[in-house]
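Just below is one structure, and these are the notes that go with it.
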Amino acid sequence: MSTRILSTSPLVGPALAELGARFPDLRLAAFRSPEWNAALPEAEALVVMLSEPVTEADLDAAPKLKAIGTYSVGVNHLPVKACQARGIAVVNTPGVLTDATADIALALLMAVTRRVAEGEALVRSGAWKGWAPDQLLGLGLSGKGCGILGSGPIGQAFARRAQALGMTPLFWDREGRGGEVDFGAGKAARLPLADLLPRSLVLSLHCPLTDQTRGMLDRAALEKLPQGAVIINTARGGIMDENAAIDLLESGRLGGAGLDVYEGEPRLNPRWLKAPRAVLLPHLGSATVETRGAMAQLLCDGLAAALAPSR
């Protein structure tokens, strides 16, 4: 029996089952498993996760392929240009995870600056002796500059949250335009990176991982941040030189880091586990029931359109 749709994982909500009912022969198989490899030659659509890099060799092995759907906004794990050249549709899930991701960035910001993880660990350890004037002093945010890399929907949503805390949002985007960004609760300056970094006591990453942004926050760039600056990353790990960031945390040059994404995840640079003032989450940006369900629906609707017979 042919496999029209090959998915590496079930999705949240009924969308994938509904898609399978409309297009029979949907099969679940772990990425790169023998079952997955065996099903590729007959597959007309693939559903993969953001940690599963599809290659051109996979496209060669799937001559009937019409679409690849990824359960994510980012498509850096897919051979997009090769797909375009072969007429294979690439379906992702933009738009529906804006608020969930901005919320997790805000949660990381508060956890780092108010030392939430350290406080919880102190209470759980049984060593807490009660309130003290100098206990786990954090960083106030009101009146501070908040640099936001990426002026898309998530960056703008985070700017609204930062402004509600009394911060001054500042934007950089890949287009390198000047002027201002209307982020829905006011307007903020759009600056070159070299001008934005020194003004950003908080730097929050919301841009995609591309050839342009890969490694753009190298040691030299990170050292342009103010003393004690905090970095929040809910975008992609490859945008920042992780070893440089850890070095600067260890030296006290950076005041903290809140991470939901990592280069090479789920493998983790082991230095993060011992890095001071770092809060680490397991890629929870879109992890709400509502958002993951909406992502599944958007993905499956896009695949259905790609698989539908042309009129």
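The values are calculated or read from the model by the stated rules, or taken from the named source; none is laboratory data. It should be emphasised that the depicted structure is a prediction, and the values quoted were computed from it without experimental measurement. Backbone-built Cβ (ideal geometry, glycine too); neighbour counts: all protein chains shown. Each accessible area value is taken on the protein alone, full model and side chains, heavy atoms only, with ligands, DNA and RNA left out. Shrake-Rupley method; radii C 1.70, N 1.55, O 1.52, S 1.80 Å.
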Scan segment 254-268 residue by residue and report those that are over 21 Å from G155 (Cα atoms) and either buried (at least 17 other Cβ atoms within 10 Å of the Cβ) or of a type in the set (D, E) (or both). L254, G255, E265
When you look at G140, is it open to solvent by less than 30 Å² (accessible area, probe 1.4 Å), more than 20 Å from A221 (Cα to Cα) and assigned to a loop (DSSP other than H, G, I, E, B), yes or no? no
Contacts under 9 angstrom Cβ, first residue in segment 76-90 being without any contact (Cβ under 8 Å) to a residue 60 or more places away in the chain, partner open to solvent by 20 Å² or more (accessible area, probe 1.4 Å) and among the acidic types (D, E), 6 or more apart: H77/E52; P79/E56; A82/E56
Are there any pairs with C-beta distances below 8 angstrom linking a residue in segment 91-107 that is touching a residue at least 60 places away in the same chain (Cβ under 8 Å) to a residue that is of a type in the set (D, E) and open to solvent by 10 Å² or more (accessible area, probe 1.4 Å), with the two at least 6 apart or on different chains, and if so which? A100/E290
Of all residues in segment 201-216, count the ones that are out of contact with any Phe, Trp or Tyr (no Cβ under 9 Å at 6 or more places or on another chain) and under 15 Å from G145 (Cβ atoms). 3
Quick one: what pairs do we get from segment 217-238, first residue more than 20 Å from M110 (Cα to Cα) and touching a residue at least 24 places away in the same chain (Cβ under 8 Å), second open to solvent by 20 Å² or more (accessible area, probe 1.4 Å) and assigned to a helix (DSSP H, G or I), C-beta under 6 Å, 6+ apart or different chains? K224/P198
L191 closer than 24 Å to A100 by Cα, open to solvent by less than 50 Å² (accessible area, probe 1.4 Å) and of a type outside the set (K, R): no
Out of segment 112-135, which residues are more than 29 Å from the chain's Cα centre (by Cα) and at positive phi? G126, G130
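If you check P198 against the conditions, is it under 23 Å from A159 (Cα atoms) and either open to solvent by 30 Å² or more (accessible area, probe 1.4 Å) or aromatic (F, W, Y) (or both)? Spell out the reasoning first.
Details: under 23 Å from A159 (Cα atoms): yes; either open to solvent by 30 Å² or more (accessible area, probe 1.4 Å) or aromatic (F, W, Y) (or both): yes.
It is true that P198 is under 23 Å from A159 (Cα atoms) and either open to solvent by 30 Å² or more (accessible area, probe 1.4 Å) or aromatic (F, W, Y) (or both).
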Screening D134, D182, D218 for residues that are under 30 Å from L78 (Cβ atoms), open to solvent by 60 Å² or more (accessible area, probe 1.4 Å) and among the acidic types (D, E) leaves only D218
For segment 224-239, does any single residue satisfy the condition of being under 25 Å from G285 (Cα atoms), surrounded by fewer than 22 Cβ atoms within 10 Å (Cβ to Cβ) and in contact with a helix residue (DSSP H, G or I) (Cβ under 9 Å, 6 or more places away or on another chain)? no
Quick one: in segment 273-306, which of the residues that are touching a strand residue (DSSP E or B) at 6+ places or on another chain (Cβ under 6 Å) and either in a helix (DSSP H, G or I) or open to solvent by less than 20 Å² (accessible area, probe 1.4 Å) (or both) is nearest to L19 (Cα to Cα)? L303
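Touching a helix residue (DSSP H, G or I) at 6+ places or on another chain (Cβ under 8 Å) and either modelled with pLDDT under 95 or part of a loop (DSSP other than H, G, I, E, B) (or both): does that describe G258?
Details: touching a helix residue (DSSP H, G or I) at 6+ places or on another chain (Cβ under 8 Å): yes; either modelled with pLDDT under 95 or part of a loop (DSSP other than H, G, I, E, B) (or both): no.
Here the answer is no, as G258 does not meet what is asked.
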Restricting to segment 202-215, and then to whatever is open to solvent by 30 Å² or more (accessible area, probe 1.4 Å) and modelled with pLDDT of 95 or more, can you tell me which residue is farthest from S51 (Cα to Cα)? G215
Filter result for D195 (in contact with a strand residue (DSSP E or B) (Cβ under 9 Å, 6 or more places away or on another chain) and without any contact (Cβ under 8 Å) to a residue 24 or more places away in the chain): yes
